[in-house]
1. Looking for whichever is closer than 21 Å to residue 33 by Cα and modelled with pLDDT of 95 or more here; the options are 160, 94, 153. Which one fits?
2. Within the stretch 1-29, which residues are assigned to a loop (DSSP other than H, G, I, E, B), crowded, with 19+ Cβ neighbours inside 10 Å and of a type in the set (A, V, I, L, M)?
3. Filter the stretch 338-353 down to the residues that are assigned to a loop (DSSP other than H, G, I, E, B) and free of Cβ contacts under 8 Å to residues at least 12 places away in the same chain, then identify the one that is surrounded by the fewest Cβ atoms within 10 Å (Cβ to Cβ).
4. Answer yes or no: is there a residue in the stretch 43-57 that is part of a helix (DSSP H, G or I), of a type outside the set (Asp, Glu) and over 25 Å from residue 195 (Cβ atoms).
5. Looking for something under 24 Å from residue 309 (Cα atoms), crowded, with 18+ Cβ neighbours inside 10 Å, of a type outside the set (Phe, Trp, Tyr) and in contact with a Ser or Thr (Cβ under 9 Å, 6 or more places away or on another chain) - is there at least one such residue anywhere in the stretch 240-247?
6. Would you mind finding the one in 223, 229, 166 that is in contact with a Pro (Cβ under 6 Å, 6 or more places away or on another chain) and not small (Gly, Ala, Ser)?
7. From the list 37, 48, exactly one residue is small (Gly, Ala, Ser), more than 15 Å from the chain's Cα centre (by Cα) and at negative phi. Which is it?
8. Condition first: at pLDDT 95 or above, part of a strand (DSSP E or B) and in contact with a Leu (Cβ under 8 Å, 6 or more places away or on another chain). Can you find one or more residues in the stretch 173-184 that meet it?
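The values are calculated or read from the model by the stated rules, or taken from the named source; none is laboratory data. Treat the numbers as computed from the prediction; the structure is a model and nothing was measured. Here Cβ is always computed from backbone atoms with ideal geometry, including for glycine, and neighbour counts include all displayed protein chains.
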Amino acid sequence: MKVAVTGGAGFIGSAVCRFFAGQKGCEVLNLDKLTYAADLRTVEAVSALPNYNFAKVDICDRAAVEQVFSDFQPDAVMHLAAESHVDRSIDGPAAFIQTNLVGTFTLLEVARDYFNGLDEARKQNFRFHHISTDEVYGSLGDEGLFTEETPYAPNSPYSASKAGSDHLVRAWHHTYGLPVIISNCSNNYGPYQFPEKLIPLMILNVLQGKKLPVYGDGLNTRDWLHVEDHAKALFAILTKGRIGEKYNVGGCNEVTNLDVVRSIFDAVMALIPKAGGRKFEDVVAFVSDRPGHDWRYAIDPSKMRDELGWNPEYSFETGLAQTVEWYVEHRDWWAPIQKSKYAGHRLGQGAST
């Protein structure tokens with residue numbers, strides 16, 4: 001099976017490339033524009049394998065994408081290329097509209113033309129798997145779970161752009177017959193995550209003796225999914241999922257943001273006792289909330305479990321411990337990012353960029 005992975009140098013995409021390249025009979029092509037959050041060091045573990053390939057491509061560049069499809073002849077597309085940070089979407093939504101909507105449209109059109117040119121046997125096996133987020137569903141109250149039937153109600157420019165891309169993929173299936181599958185995941189974490197996101201940012205802040213900024217009262221709640229569990233789920237969806245269906249992928253680990261930050265502090269301090277100050281209360285800093293901050297996300301992953309036999313392997317405790325240890329041991333990975341790309345400053349306050 002030849003799989004084209006868009007955004008394969010990003011956080012989730014690189015985990016997909018690493019996992020898929022390790023599967024027997026699977027050949028991977030990583031398509032990535034290499035924006036600020038992409039890093040080819042995330043795929044070094046597989047970059048020398050004969051079944052892994054890389055092409056620097058912007059998914060908005062139709063001619064370039066067409067050439068890649070013509071050369072590689074994929075049996076499946078895993079579409080992960082996206083601008084993904086909510087705070088950046090508040091400051092500068094244009095890039096999110098361009099990549100997440102225009103890019104998805106361009107990729108769908110190339111995939112449609114490519115699919116129509118396949119023989120019948122290859123058409124039967126072709127898949128376009130679009131990977132999205134639970135944020136398209138909006139915000140939950142204190143109870144309930146997102147299911148595959150939950151109405152869309154995005155509240156940020158990021159989630160609105162991802163909701164739009166989901167709708168485009170659905171429309172290309174129903175209108176043009178493109179064989180698609182959509183999956184929506186909860187918050188991912190793990191090694192190699194760009195340190196603008198909550199968990200790596202807080203780990204680095206503790207390591208460097210900085211304050212730990214928490215939005216609002218810190219009681220907003222997320223369901224956390226380890227990126228390696230997610231990669232395995234995506235493989236199950238691609239190989240066993242039903243065309244035209246959508247699957248929610250959740251980690252079954254609901255934690256408030258405040259408790260996430262506290263757990264990070266405790267985990268780092270257990271490894272490096274002098275890293276973050278004497279106690280959590282000395283370093284936590286409650287700051288003004290994010291505009292339009294969703295209260296709670298939580299996924300019901302029962303369709304994944306019952307139909308595809310997938311369950312997350314990591315608890316939040318074991319996954320966070322592994323993640324913290326990785327960042328502690330890989331300063332050579334994140335220090336250059338802090339120096340040249342992102343120093344940990346506050347984003348998402350609505351300042352135009």
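1. Values: 160 fails: closer than 21 Å to residue 33 by Cα; 153 fails: closer than 21 Å to residue 33 by Cα.
Going through 160, 94, 153 in turn, the sole match is 94.
2. 9
3. In the first step, residues of the stretch 338-353 are kept if they are assigned to a loop (DSSP other than H, G, I, E, B); the result is 341-353.
Then keep just the ones that are free of Cβ contacts under 8 Å to residues at least 12 places away in the same chain; that gives 343, 345.
Details: 343: 9, 345: 6.
Per the stated criteria, the residue is 345.
4. Taking the stretch 43-57 and keeping what is part of a helix (DSSP H, G or I), we get 43.
Next, only the ones that are of a type outside the set (Asp, Glu) stay: 43.
From what is left, the residues that are over 25 Å from residue 195 (Cβ atoms) are none.
Within the stretch 43-57, not a single residue is part of a helix (DSSP H, G or I), of a type outside the set (Asp, Glu) and over 25 Å from residue 195 (Cβ atoms).
5. Quick first cut of the stretch 240-247, residues under 24 Å from residue 309 (Cα atoms) only: 240-247.
From what is left, the residues that are crowded, with 18+ Cβ neighbours inside 10 Å are 241, 246-247.
Filter once more, so that each one left must be of a type outside the set (Phe, Trp, Tyr): 241, 246.
Among the residues that remain, those that are also in contact with a Ser or Thr (Cβ under 9 Å, 6 or more places away or on another chain) are: 241, 246.
Within the stretch 240-247, one or more residues are under 24 Å from residue 309 (Cα atoms), crowded, with 18+ Cβ neighbours inside 10 Å, of a type outside the set (Phe, Trp, Tyr) and in contact with a Ser or Thr (Cβ under 9 Å, 6 or more places away or on another chain).
6. Values: 223 fails: in contact with a Pro (Cβ under 6 Å, 6 or more places away or on another chain); 166 fails: in contact with a Pro (Cβ under 6 Å, 6 or more places away or on another chain).
229 is the lone residue from the list that is in contact with a Pro (Cβ under 6 Å, 6 or more places away or on another chain) and not small (Gly, Ala, Ser).
7. On the way: 37 fails: more than 15 Å from the chain's Cα centre (by Cα).
Just a single option satisfies the conditions, and that option is 48.
8. yes
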